[in-house]
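The values are calculated or read from the model by the stated rules, or taken from the named source; none is laboratory data. Bear in mind the structure is a predicted one, so any value in this text is a computation, not a measurement. No Cβ is skipped: glycine too gets one built from the backbone with ideal geometry, and neighbour counts run over all protein chains shown.
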Amino acid sequence: MESPRDPFPAPPKSMLRAMEAVQLDQARKRGDPLVLLDVREPFELELASVAGALHIPMRHVPERLSELDPAAKIVVMCHHGVRSAAVCGFLRSQGFEDVHNLEGGIDAWSSEVDPSVPGY
């Protein structure tokens with residue numbers, strides 16, 4: 001029996017666009033149109049979250065793809081940036097072009113932008 005294809009293979013570095021937490025903060029303060037997509041699990045949101053983020057756990061992204069606009073600028077975040085990088089690669093493979101991985105994830109957001117967001 002053939003195993004199911006992993007929808008989140010590690011993307012080649014050349015496919016990834018990174019955004020640092022400070023850059024994301026500046027873009028949000030300027031009012032740049034973007035979607036902050038949080039792909040962490042619900043229990044992680046209870047520990048720490050960023051206001052205004054759209055939450056779709058990583059495993060649900062393929063089935064909820066229609067909730068995302070392929071023409072939008074999307075910044076994907078997780079705890080440290082590993083899961084979000086995989087989701088970025090998946091989104092790119094589905095035709096989304098303006099997709100960025102939040103480098104360092106919510107951990108970087110907490111330490112570099114908003115210390116009121118707890119680290120975990």
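The table for this structure:
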item: Tally, over the stretch 85-103, of residues that are in contact with a Ser or Thr (Cβ under 8 Å, 6 or more places away or on another chain) and either part of a loop (DSSP other than H, G, I, E, B) or modelled with pLDDT under 95 (or both); result: 0
item: Qualifying residue in the stretch 69-90 (condition: of a type in the set (Gly, Ala, Ser), farther than 25 Å from residue 7 by Cβ, touching a residue at least 12 places away in the same chain (Cβ under 8 Å) and in contact with a Phe, Trp or Tyr (Cβ under 8 Å, 6 or more places away or on another chain)); result: no
item: Whichever residue in the stretch 75-120 is of a type in the set (S, T, N, Q) and under 13 Å from the mean Cα position of the chain (by Cα) and, among such residues, is nearest to residue 27 (Cα to Cα); result: 101
item: Failed item in (1) closer than 13 Å to residue 100 by Cα; (2) not in a helix (DSSP H, G or I), with residue 24 passing the rest; result: (2)
item: Every residue from the stretch 38-91 that is within 20 Å of residue 112 (Cβ to Cβ) and exposed (fewer than 13 other Cβ atoms within 10 Å of the Cβ); result: 51, 52, 82
